[in-house]
Amino acid sequence: MKTMETVLLAEEQAVTLLSGYWADLTIPVSPDELAKALGIKVEYVALPSDESGKITMADEQSPVITINRNDTKNRQRFTCAHEIGHYIRNRELERSENSVDYRSTLAGIGIDSDEIFANQFAAALLMPAIEVKRVYDAGWDVDRLARHFVTSTLAMELRLKNLRLVR
Ligand SMILES: [Zn+2]
């Protein structure tokens, strides 16, 4: 699948999940609550410092997302949303896989289509396009947007670029 198709699909799937389980679009979106709504257990444990999180789907009755409890809150939220992205994609493709995510894969520099999907999904889930456009049009700057959506300013900047609101 081409990168652009993957990105569009991820955006679409995030919107679908939000409309099903987060219909009033309360900001900030809680990836933990969305995971639980999908029947995924979320646990916070101390992982090696280069490891952000993982999803275990293959060996458990119910899937588990594990998040590095030593990471910052912003990072943990992104990791959780990213792992939900893997879950959605695997479910769609009828796969049952475990995956471990390192800081490098979450940095968005990879070319693996599952990682591109999960990163785009996470951004679209935590920073829903419709809400980003609304407050951006109201004149909010990046720092205020990042606080509103509870993301890093870097993730916020990237989202604004992807939505073509800034260059
Ligand atoms: Zn991943």
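Read-outs: derived from the displayed coordinates by stated rules, not from any lab. What you see is a predicted model; the values in this text were computed from it and never measured. As a convention, Cβ positions derive from the backbone with ideal geometry for all residues, glycine included, and neighbour counts pool all protein chains shown.
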How fast does the chain diffuse by Stokes-Einstein, in µm²/s, taking the Kirkwood radius from C-alpha pairs at 37 °C and 0.692 mPa s? 207
Relative contact order as a percentage, the chain, C-alpha pairs under 8 Å and 6+ apart, gives 25
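I need to check one value: relative contact order of region 72-123, counting alpha carbon pairs closer than 8 Å and at least 6 residues apart, in percent.
It comes to 54 percent, rounded to a whole number.
Assuming 0.36 nm per residue, please report the length gained on full extension of the stretch R91 to W140 beyond their Cα-Cα distance. Walk me through the intermediate numbers first.
Values: separation 49, 0.36 × 49 = 17.64 nm, distance 3.67 nm.
Residue separation times 0.36 nm, minus the Cα-Cα distance, leaves 14.0 nm.
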Run lengths n ≥ 4 of DSSP H only: what is the helix-derived mean residue ellipticity at 222 nm for the chain, with -39500 (n - 2.57) per run over all residues, to the nearest 500? -16500 deg cm²/dmol
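Please identify every one of the trypsin sites (Lys or Arg not before Pro) in region 95-154 that sits in a loop by DSSP and has no more than 16 other beta carbons within 10 Å of its own beta carbon. Please report the intermediate quantities before stating the final value.
Details: sites: R95, R103, K133, R134, R144, R147; in loops: R95.
Answer by residue number: R95.
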For region 32-141, state which GluC sites (Glu not before Pro) are in a DSSP loop and have at most 12 other beta carbons lying within 10 Å of their beta carbon. E60, E94
Report the extension gain between Y44 and N98 in nm, rounded to one decimal, defined as 0.36 nm multiplied by the number of residues separating them, less their alpha carbon distance. 17.8 nm
Whole number please: convex hull volume per residue, Cα atoms of region 77-137, in Å³. 90
Measuring from label point to label point, each 7 Å out along Cα→Cβ, what is the A107 to L163 span in nm? 2.6
One finds, for L25 and K73 with R0 = 22 angstrom and r their Cβ-Cβ distance, a FRET efficiency to the nearest 0.05 of 0.60
